[in-house]
Amino acid sequence: MDRTPLGIVLNGVTGRMGLRQHLIRSILAIRQDGGLPLRDGTVLWPEPVLVGRSEAKLRTLAEQHGLTDWTTDLDAALARPDVQVYFDAQVTSARVKALRAAIEAGKHIYTEKPVAESLAEAVDLARTADEAGIKHGVVQDKLFLPGLQKLHRLVRGGFFGRVLSVRGEFGYWVFEGDWQGAQRPSWNYRAADGGGITLDMFPHWHYVLEQIFGPVNAVTARSVTHIDERWDEAGQPYAATADDAVYGLFELDGGIIAQINSSWAVRVNRDELVEFQVDGTHGSAVAGLHHCRIQPRAGTPKPVWDPDVPTAQRFRDQWQEVPDNEVFVNGFRAQWEQFLRYVAEDGPYTGDLWAGARGVQVAELGLQSSREGRRLEIPELGR
Ligand SMILES: NC(=O)c1ccc[n+]([C@@H]2O[C@H](COP(=O)([O-])OP(=O)(O)OC[C@H]3O[C@@H](n4cnc5c(N)ncnc54)[C@H](O)[C@@H]3O)[C@@H](O)[C@H]2O)c1
């Protein structure tokens, strides 16, 4: 079969997301499966060019995965005619500069979120990319999770009747790093280094809400730093200046109210690390990363409030599991395949830099809402 190589600069592959989700579970997995079949019968063959700051780390990583193409010189990689796509999974604070260089070099870009640390930069990026006529996409992995795909299917199938509300719980305990090592990089907890859970998670919640339920029109949020001292990768104490929890309220078209708690200072008493309960006039659902359970109108129990009598009902048992009904591949890979098809054959694609900018906008307004203690409407972004 005809193989068409597509050069992709992968910047930030020594990081958590870049390595595990994007390089191993997406690009290398596509290669292991023989490439990406296209409509015209040919196969797209991703050729990764690993880019990073540390020669030693890149060399080791390349060797571990049987790759030979790596460099610490981003400009040189971007100047190569065989490279058509630039992908960024660097720390957030390094993103805009690199994306800008890639756009200037005429490459299509695909990037982790948040696309920028400020709305002004995010809009400017989207505009510059449009003017350059390149294709652009932002990671929206949560939409591709099996649990959320099942939830989306329920919405499309009219299961809920009129959707009333969405309650999201996201988070887990991130160790401070003293008596047990922290399981997330320390930059996430320093405001000056692009950290903060509002900037990290609101872009996710924005595309989840917008694409599954409809436009988000207003936000009210409270961002806080519960744990203000942490220990870094070298075991050194540092001041945790970024917000590590945010309690947000989002108002959507149709009067839908979404309330989402995000926290790195919460202990999990849920089935999954993120869960959304959706209540509608005709039914409710609880969706997580993998599972989705429903309770239709006709299966709704009728509890009566009586504090004197311990309840005999087992409420959690009154829900029904939504079957998989299809094979769900890794969400990051599924979106990579969609983006590569968009580049190679103009396939459908939704999550562009404008969608990324709307995510940054909600994060920025959320932080402002928290500072000022008030609800903020979300203006439409002019292109
Ligand atoms: N889509 C998701 O679910 C998801 C989850 C976590 C993180 N992210 C995003 O992915 C990006 C990377 O996050 P991560 O958790 O993989 O981080 P990480 O710290 O593990 O990796 C960061 C990468 O950036 C590189 N880098 C470039 N300049 C740097 C600098 N000045 N300081 C430190 N590192 C620098 C590092 O070498 C490394 O390769 C962030 O923008 C984050 O918001 C997305």
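What shape does the chain take by its C-alpha gyration tensor, where a ≥ b ≥ c are the square roots of the eigenvalues and a/c under 1.5 counts as rounded, a/b above b/c as prolate, and the rest as oblate?
prolate
Distant-in-sequence amide contacts of ALA218, defined by a placed amide H-H separation under 5 Å and a gap of 5 or more residues or a different chain, comprise GLU251, ILE378. Looking at the range 1-46, the trypsin sites (Lys or Arg not before Pro) that sit in a DSSP loop and have at most 15 other Cβ atoms within 10 Å of their own Cβ are ARG39. Simple point charges give the picture: +1 on the Cβ of Lys and Arg, -1 on the Cβ of Asp and Glu, and for the chain a dipole about the Cα centre of about 640 debye.
Once the other residues with Cβ under 14 Å from the Cβ of ARG39 are scored (Lys, Arg +1; Asp, Glu -1), what is the net sum? All intermediate terms of the calculation are to be shown ahead of the outcome.
Values: positive: ARG341; negative: ASP2, ASP40, GLU337, GLU345, ASP346.
Cβ neighbours under 14 Å give a net charge of -4.
DSSP beta bridges in the range 1-80, what fraction antiparallel, as a percent rounded to 5? Of all bridge pairs located within the range 1-80, approximately 15 percent are antiparallel. What shape does the range 21-135 take by its C-alpha gyration tensor, where a ≥ b ≥ c are the square roots of the eigenvalues and a/c under 1.5 counts as rounded, a/b above b/c as prolate, and the rest as oblate? Note, shape of the range 21-135 comes out oblate. Classify the range 64-192: rounded, prolate or oblate, from the alpha-carbon gyration tensor (a ≥ b ≥ c, eigenvalue square roots; a/c under 1.5 rounded; otherwise prolate if a/b is larger than b/c)? Oblate. For the chain, the longest principal axis of the alpha carbon atoms and the long axis of helix 119-132 meet at an angle near 50°. Looking at the range 35-80, the accessible area is 55 square angstrom per residue; that uses a 1.4 Å probe and ignores ligands, DNA and RNA. For the range 264-360, carbon and sulfur atoms together expose 52% of the accessible surface, with a 1.4 angstrom probe and every protein chain in place. In loop segments of the range 257-353 as defined by DSSP, the GluC sites (Glu not before Pro) with at most 10 further C-beta atoms inside 10 Å of their C-beta are GLU326.
Quick one: of the DSSP bridges fully inside the range 160-274, what percent are antiparallel, nearest 5?
75
Each part gets one Cα centre, and for the range 1-61 versus the range 254-320 those centres are 39 Å apart.
Count the lysine pairs in the chain that are 8 or more places apart or on different chains: how many have C-alpha atoms under 18 angstrom apart?
Lysine pair count for the chain: 7.
By DSSP, the beta bridges lying fully in the chain are antiparallel in about 60 percent of cases. Counted by Cβ distance under 9 Å from SER369, the other residues give a net charge of +3, where Lys and Arg count +1 and Asp and Glu count -1. Across the chain, the mean sequence separation of Cα contacts (distance under 8 Å, 6 or more residues apart), normalised by length, yields a relative contact order of 20 percent. About its Cα centre, the range 44-102 has a charge dipole of approximately 300 debye under the convention of +1 per Lys or Arg Cβ and -1 per Asp or Glu Cβ, with nothing else charged. Expressed as an acute angle from 0 to 90° and rounded to the nearest 10, what is the orientation of the C-alpha long axis of helix 95-104 relative to the principal long axis of the chain? Taking the Cα atoms of the chain, the angle to 95-104 is about 50 degrees. Computed over neighbours whose Cβ is under 11 Å from that of GLN149, the net charge equals +2, Lys and Arg +1, Asp and Glu -1.
Candidates ALA76, VAL286, PRO185 compared by Cα position along the dipole of the chain: farthest toward the positive end lies VAL286, with charges placed on Cβ. A cut-off of 5 Å between modelled amide H atoms, ignoring neighbours fewer than 5 places along the same chain, links PHE175 with GLN183. Of the GluC sites (Glu not before Pro) found in the range 354-383, those in coil by DSSP whose Cβ has at most 15 other Cβ atoms within 10 Å are GLU380.
Along the chain, the longest continuous region that contains none of the chymotrypsin sites (Phe, Trp or Tyr not before Pro) in a DSSP loop with at most 12 other C-beta atoms within 10 Å is 1-178. Projecting the Cα atoms of LEU353, PRO114, PRO303 onto the charge dipole of the chain (Cβ charges, centred on the Cα centre) puts PRO303 farthest toward the positive pole.
Of the solvent-accessible surface of the range 1-132, computed with a 1.4 Å probe and all protein chains present, 47% belongs to carbon and sulfur.
The values are calculated or read from the model by the stated rules, or taken from the named source; none is laboratory data. As the structure is a computational prediction, the values presented were derived from the model and not from experiment. Positions of Cβ are generated from backbone atoms using ideal geometry, with glycine treated the same way; all protein chains shown enter the neighbour counts. In case anyone asks, the SASA skips ligands and DNA or RNA and just uses the protein heavy atoms, side chains included. Shrake-Rupley method; radii C 1.70, N 1.55, O 1.52, S 1.80 Å.
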